[in-house]
Every structure is written in structure tokens, then in C-alpha cells.
1. Quick one: which of LYS121/LYS261; LYS139/LYS388; LYS260/LYS429 span more than 29 angstrom between C-alpha atoms?
2. Helix 385-396 sits at what angle to the longest principal axis of the chain, using alpha carbons and giving 0 to 90 degrees rounded to 10?
3. Using label points projected 7 Å from each Cα along Cα→Cβ, tell me how many nm separate SER143 and ASN80, to one decimal.
4. Any idea what the dipole of the range 26-182 comes to, in debye rounded to 20, about its Cα centre with Lys/Arg Cβ at +1 and Asp/Glu Cβ at -1?
5. Just from the alpha-carbon atoms, what are the Rg and Dmax of the range 97-325 in angstroms?
6. Between LYS261 and LYS287, what FRET efficiency comes out of the Förster formula 1/(1 + (r/R0)^6) with R0 = 30 Å and r the beta carbon distance, rounded to 0.05?
7. Sort CYS12, CYS281 so that the residue with the fewest other Cβ atoms within 10 Å of its own Cβ comes first and the one with the most comes last.
8. Nothing charged except the Cβ atoms of Lys and Arg (+1) and of Asp and Glu (-1): what's the magnitude of the dipole of the chain about its Cα centre? Round to the nearest 20 debye.
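What follows is calculated from the coordinates using simple rules that are stated; it is not laboratory data. Because the structure is predicted, anything quoted here is derived from the model rather than measured. Here the Cβ is made from the backbone with ideal geometry for all residues, glycine too, and neighbour counts use every protein chain on show.
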Amino acid sequence: MELGKIIKAVDCIEVLNYKDVDIKGISYNSKTINSHEIFVCLRGEHVDGHEYAQMAFEKGAVALMVEKPLNIEIPQLIVNSTQEKIADLACCFYHNPSLELNLIGVTGTNGKTTVTHLVQKIIEEDEKKCALIGTLGYKLSSSDDYLEAKHTTPQAPELQKTLSKILKKDVLNVVTEVSSHALEQSRVRGCKFSGAVLTNLTQDHLDFHITMENYFKAKSKLFSGLQKGSFAVINNDDKWTDRFLSEIPKDVNILTYGVKKNSGLMAVDIEFTSRGVNFTCVCGDEKEEIRLHLNGMFSVYNALAAIGTGISMGISMKTCKNALENTRSVAGRFEIVNSEPMVIVDYAHTPDGLENILRAARELTPKNANLICLFGCGGDRDATKRPKMGKIAQALSDKVVITSDNPRTEDPQQIITDILSGLKLINPKTVFVEPDRRLAIEMLKKISKPEDVIIVAGKGHENYQILSDRTIHFDDREEVQKLFSSMPVA
């Protein structure tokens, strides 16, 4: 693409050293830049891309997007915010693919991954193609393998490139997770969303957002940006519901869902069994009996969010029912990986997420058996949730094993100390500490009986562990299956 076309699409303060060079790609990493690309100097938490512009030029960059003039003799697009304008640049370069797509964004603290997968299944049950973008990667259909993703919501150039690829494959429906980081950092700027879904808002990422108010403001951008004729599906039982509803523009179709409050879409007569959860879904005069292979109250909410999305798209509740009843668990989301004892691996890494899965697991725990919880907290992340999670784990479990998650640059022992500060009493018969996650999982065999239920929380689908000096291969599911002799549950 000619630089001149980009300049017309991106609101620049000034253009220096202009000549109409051909731009073959967008980069913001000087290590991976290719020849004839434009290098965008992003300012991050720890790195300023302006310091790497010379290196990018030496490796083949033919233009720069900057916030200040640099002493480099190539075209420079000077803008107020490279973080914002990289999204405008990406939309222009990839010809605004979202304008031709039915793009649905799902946001919230917990449940985004499961809801996107359920929505994809519902759209496919309606005999339409649907791609998915999220934490586990992206794929063109539910039967495809995941392609790698670096973030829950990719950076703007990767996101627009992915949407462009999807469009070229004649897939016109896309459901994507939209993280608070992505909204705050303008990664989805320029995307036209046909619909937006709210799962819930509970404490997470306060290391980045600092306050819950800031966290809400980031999430609310997905809804305030909706256009006439689009739809919003909102969890009516969440305490932030009214605030989100107030952000939605007029002429946007709103459908609320819930279990407690009177809502447009409701689940009633909820029954938990060892095989899943059953409930009656009610929307106006329409009712359907739904039998999920998923468990826990959070699964009811996730199912309602997905059904609400389907209904908002004009898909019948019967079709939604068929899709959900044919869906098994999502990788690392309340995934049963061993039968005796029952071991469940889950991504829960927030106080609310941990409480939800432990309550769901208690429903599956026989009266004379123990519910055991193994978890840790990530390093270089919100430290205030650590004692809260410790308190929740102790209150809702019979035995707790506290270990490392992804410690990153923090001392694992200090993270564990923070968690232990939330416990009322540290009884050595019920509270166990082992910083090495592999050894902690091995400890489960010594402290459990075949009839027990074990939750291994925090990492879910992840197959790595981030240490201070390196990232190693580590998969909770693999470790559990190596440890126990009974056959894994399919």
C-alpha cells in the first residue's frame, strides 16, 4: 500500500521527509521487522519504541509512526498517540474487514472463553460459518485446531490481519474475546461490532487499571461504541449492570439475562447433577428444557449469555438448545481430566472465578469425601487478590494446596505468603505449601482418596510456566494424568 493512502486515513499532526514509498507491512517490534514495513513506535509500560526506531530503520523500515520527530531520514508520521493510531493504520492497511463481518465481542472478567465457544457452536448449528478469536488462539471453525495467539485480544495489526484472513475464507461471522487491556490500549479501535456481550465484572487486572472504576470504564468502551441496529447482551445479575446499561447508545437492541433478577432471558428450575446442569430457559412466551454437559452456576450464566447472543441474531432458542447440548467442556475450563479421584483443571485466577468453581465442585463432592483445591497466584499482577483467594479457598475447600502459578519476576515464596495472609488458621493437616507446582501436584496423590474431588486452578489450558529467567513447558492436565493411574475422562 502506498504511504500516501495511509496518510489520508490516519489523522497525523505532521508528516516529515515525505515520499510515497510502498508499505508492505506493519511492525512495532524492531527484532522481527521486515523490509519495506512501517515501524510504529509504541510506548509500553517498560519499553519506548522510539528508542528502537534506528534499529528498525537499519533492518529495512521505510517509514515511521512516531509521537515526536526523530533524526532518521525516512518518512515520519507524527501523531498524538501511536497506541491509538496503530489501530487506524491497521484498519486502513487491511481494508477495514470488520465492516463486512458480523463481529461479536464478548467481554467480562470471567467466562469470555467459554461464551465465545458456545456462541460459535450456536452459529454453526444455524448452518453458518463462524470464526473465533480469543485466549486459546483463533480458528475458522469449531472443528479446526487453534492457531497461536499472544494475547486474549491480539494487537491491532494482528487482529486486523486475522479478520482479513477470515473474510478471505468467506467466513462472515466472527466471535471474539475482548479484554480490558485491548479496550484500554485501543486494540479494537476501528472495529465495527454487530453485538457485544457482558459476562460479569469482578476484581482482576488492578495492577494495570488500579481501580475498579477504571476497569469498568475500559470494559464499557465496547458498549458505548455500539452503533444503531447492533445488539447488547447484558448479565442482569451483575452489580455493575446499571452502569453498563447507561453506557449503551439509543437504537441498540438490549437483551438482559439472569437467574436472580427478572430479565429478558432467564434460567429457572436449575438442577445440578454429576453429568451436568439442567434448567429451563425462558424468553417471553418461549421455553426450552436444556441439559448441559457443563456444570456449575457459572455454566448457567455462560449458557444464557450465548443463548442471548443467538436470539439477538435471530437464531431460534431450539437451535441454541441443540448446539449447547452437543457441547463438551472447553479446554482448561472446568475440564475433568481424571476420574478417581475426580480432578478438574480450571483457568480460575480471580477471587470470583475461584469461588465459582469451588461451589460447582462442591456439588459434585460426595458427603464423606474431601474437596481439595490447589492454586497459586501470578507474579507481577494484582497482589490484592491473593489473600482474598486464600480466604475463599480455605472457606470452600476441605484441604488447600498453595503453590506457584506464573511467578514471573516475583519471589514465589512472597506470593505464597500474600496468599497465606488471607487464611484464618494454618492447620498443617488441611493447608499444604509447596512452591514447586509439579511437586505440589504430586502431593495431591498423598492427601487424596479415590472418592475425593480435586480442583487444580489458575492455569487451565496453559502449557507453560513463566519463571523469572525463562519459560518452561508445564501443563496441569499432563501432570495430573501422569500422576494418577485411572483413565482420564474423555
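1. Among LYS121/LYS261; LYS139/LYS388; LYS260/LYS429, the Cα-Cα distance tops 29 Å for LYS139/LYS388; LYS260/LYS429.
2. Tilt of helix 385-396: around 20 degrees.
3. Between SER143 and ASN80, the simple spin-label model gives 4.9 nm.
4. I would put it at about 80 debye.
5. For the range 97-325, the Cα radius of gyration and maximum Cα-Cα distance read 16.4, 46 Å.
6. Calculated transfer efficiency: 0.95.
7. CYS12, CYS281
8. Here the size comes out at about 520 debye.
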